[in-house]
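Below you'll find the structure, written out as structure tokens, and then a few comments.
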Amino acid sequence: MKRREFLTAVAAIGLTSRGVALSAPTWQAGAATIDITPESSLWMAGFARRTLPSQGVAMPLHAKALALKCGGQPTAVLVTVDLLGVTASITGRVAALVQRRHQIRRGDLLFNASHTHCGTVVDEQLSVAYDLSPEQWAAIRAYTVQLEDKLAAVIGSAISGLRPARLGYAQGEALFAANRRVKFTPQGPVDHSVPVLRVDGAEGAPLAVVFGYACHNTTLQDTFVRYHGDYAGVAQAALEQRHPGTAALFVAGCGADANPMPRGTLELVEAHGTALADAVDRALKATAPIDPSLRTAYGNVDLPFAGEAARERWRSQLDVEEVYIRRHAALMKAAIARDGRVPTVQSDPVQVWRFGPPALAGGSRASYGETKKGSGFTLVALGGEVVVDYAFRLAREYPERRMWVAGYSNDVFGYVPSVRVLREGGYEGGDAMIYYGRPGPFAEGVEELIIGEVRRLAGDR
């Protein structure tokens, strides 16, 4: 047996045998995967500098679903996609379809996008960034309809596959993420944690691994024009190869202000993806069992845009090509014609899933490698491209809980800055809103509004 095959076999045996040590199978779980790679050449999302549509497939793109149920509680489904983002229109239509077919409530359905910049444009997301013909937009709309059908299908497959399972949680670490706002804070904050949810079948065979990381999924740059899941796609594929029969689902964290470093080549994509998969495998050896309880909550909070004076200053200071200014102005003119004014708020979806008990005894927090019986964690899913400050703040506010905070969830409508980033300005602080077709930067109160909604959904007020 070759050395690599031997190590892969050992890793698979390690995951299966460790599963026996988890709690009795008081959960039910089902996982499913579907290919969402476009069958034709479409414009790829994320980089305004691109000059060509896709020129083939370097790695297939997937949507994956993990259905979870315990006792008499409703079934909840996590859906992950190898795309830059989903929109409220897409997730709303899919949720309505799933509710009719499977009676799944909106709060029990969570969508997260890996934020690869090597997937296709969907809906009309980031439309200001792209110079596309009516025919190209029509092809994107047709793909979006197909995508929605596939998302509903993969959710149904996961639900139909529910079977007894055990759940465990751990946290690892990967070090390739770096804060990219060095212009403002040379040693800016960065989150290197790798939260991991392990799902084993009743016999100890692995069913699924869910893992997260807070870093832009953008190792590949604008000159790369083939479909690819970037480092998150590589990590998922590596874990599924190492652990046959396992579905690996990546959940993008609060990585709006972080980039993989170094980056720019396929070799670096492989290196970062392998490093992330290695971090997951290390964490899988020390998962703590999760008691059978899952409480879900979903809400929307209106985030106000800055006032007209601030918007005018923002427009006058933008350092972008005139073509983007013109496209943005056309969108604002259309909004005024339709609604009588430009938008004043952005609806932001906020979702909270609490696994297991609300806290550990004595108010302590479990650390990496700890295996206390009856552990749990709280998954907070925020819409938009969320900066890392939100993850760190929620960890401080809930020291008695393990907090897993994800961005890029349910609706990727633009960047969501903290007060610090908003005051510093720059791309994440407001400049990128032009490409998302938003009227300007957010007002300073958005951080408190989001944190307040998390508190409300978590049952703290």
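Checking each residue in region 408-418 for being farther than 15 Å from residue 211 by Cβ, open to solvent by less than 10 Å² (accessible area, probe 1.4 Å) and in a loop (DSSP other than H, G, I, E, B) picks out 410, 412, 413, 414, 417, 418. Counting only strands (runs of 3 or more DSSP E) wholly contained in region 176-230, the ones carrying 3 or more residues that are within 16 Å of the chain's Cα centre (by Cα) occupy 193-201, 206-213.
Residues in region 305-321 that are open to solvent by 20 Å² or more (accessible area, probe 1.4 Å), in contact (Cβ under 8 Å) with a residue 60 or more places away in the chain and either under 30 Å from residue 27 (Cβ atoms) or part of a loop (DSSP other than H, G, I, E, B) (or both): 307, 318, 319, 320. The residues of region 46-67 that are in contact with a Ser or Thr (Cβ under 6 Å, 6 or more places away or on another chain) and either acidic (Asp, Glu) or part of a loop (DSSP other than H, G, I, E, B) (or both), listed by number, are 53, 54, 60, 61. Within region 276-300, the set of residues being in contact with a helix residue (DSSP H, G or I) (Cβ under 9 Å, 6 or more places away or on another chain), under 18 Å from residue 209 (Cα atoms) and surrounded by fewer than 21 Cβ atoms within 10 Å (Cβ to Cβ) comprises 278, 281, 285, 286. Here is a check on your reading of the model: is residue 421 under 24 Å from residue 184 (Cα atoms), β-branched (Val, Ile, Thr), part of a helix (DSSP H, G or I) and open to solvent by less than 20 Å² (accessible area, probe 1.4 Å)? Answer is yes for this residue. Only one of the numbered conditions (1) at positive phi; (2) free of Cβ contacts under 8 Å to residues at least 40 places away in the same chain is not met by residue 245, and that is (2).
Table: residues versus (1) touching a residue at least 60 places away in the same chain (Cβ under 8 Å); (2) assigned to a helix (DSSP H, G or I).
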{"site": "303", "(1), (2)": "yes, no"}
{"site": "323", "(1), (2)": "yes, yes"}
{"site": "328", "(1), (2)": "yes, yes"}
{"site": "333", "(1), (2)": "no, yes"}
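Of all residues in region 160-180, those satisfying the criterion of being surrounded by 21 or more Cβ atoms within 10 Å (Cβ to Cβ) and hydrophobic (A, V, I, L, M, F, W, C) are 165, 167, 170, 174, 176, 177.
Residue 403 meets the conditions (1) open to solvent by less than 20 Å² (accessible area, probe 1.4 Å); (2) touching a Ser or Thr at 6+ places or on another chain (Cβ under 7 Å); (3) among the hydrophobic types (A, V, I, L, M, F, W, C) in every case but one. The failed one is (1).
The values are calculated or read from the model by the stated rules, or taken from the named source; none is laboratory data. Treat the numbers as computed from the prediction; the structure is a model and nothing was measured. Glycine gets a Cβ as well: all are built from the backbone with ideal geometry, and neighbour counts include every protein chain shown. Areas reflect the complete protein model, heavy atoms only, side chains present, ligands, DNA and RNA absent. Shrake-Rupley method; radii C 1.70, N 1.55, O 1.52, S 1.80 Å.
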